[in-house]
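The values are calculated or read from the model by the stated rules, or taken from the named source; none is laboratory data. The structure displayed is predicted, hence computed values, not measured ones. Positions of Cβ are backbone-derived with ideal geometry, glycine not excepted, and every protein chain shown enters the neighbour counts.
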Amino acid sequence: MAGHIAAALCARGTADRQALRGDCKAFTDYSDYRDSGGLPQRKRDTAIGAARRLGWLERALAEFESDMAFDDRFVLADRRSAGEAFAGTVVEAEPGRTVTTDKNKRVPRPRVTSAPWIPCGWPPTPS
C-alpha cells in the first residue's frame, strides 16, 4: 500500500517528490535516533526547542507556499500582483545611494530599477 502511494506521489510533480523526500528523511532520521537509544519526544518543548521548532515550521510554510505558487498559476498571479514574486531585467542600479533618516542619520539604501517580465501574455497584443 505504501509503495503505491509513494509511486503515485512521485508521478505527480517535482514539488510532490521533494515533499515526499523531505518527509521520508525526517521519518528516517527520527527512526534512526530512536533505534540508537534516543528518548521519545517530550510532551512540551523547552523554550529553545520551541523557538527552533517555530523557525522550522515557518520556513516549511514559506517553502510550501512558494512551491504552491509554482504549481498553481492563480496563486502565482496573486503573489505577482502583491509584489512578492516577479521576474525582470535590471535596467538601472544605484548601489551607493544613501538617504537621511528622521534622526538625521545617513543610511545606505541601494536602488534597483527593473523592467518586469510577465509571461502570461500581458499586455495583450492587438490581433
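Scoring Ala93 on the criteria (1) assigned by TED's automatic domain parsing to the domain that holds Val112; (2) surrounded by 12 or more Cβ atoms within 10 Å (Cβ to Cβ); (3) in contact (Cβ under 8 Å) with a residue 24 or more places away in the chain leaves a single failure, condition (3).
Condition first: surrounded by 11 or more Cβ atoms within 10 Å (Cβ to Cβ) and not aliphatic (A, V, I, L, M). Now tell me which residues in region 57-81 satisfy that. Break it down into steps so the answer makes sense when it comes.
The first filter runs over region 57-81 and keeps only residues surrounded by 11 or more Cβ atoms within 10 Å (Cβ to Cβ), leaving 60, 63-73, 75-80.
Selection gives Glu63, Phe64, Glu65, Ser66, Asp67, Phe70, Asp71, Asp72, Arg73, Asp78, Arg79, Arg80.
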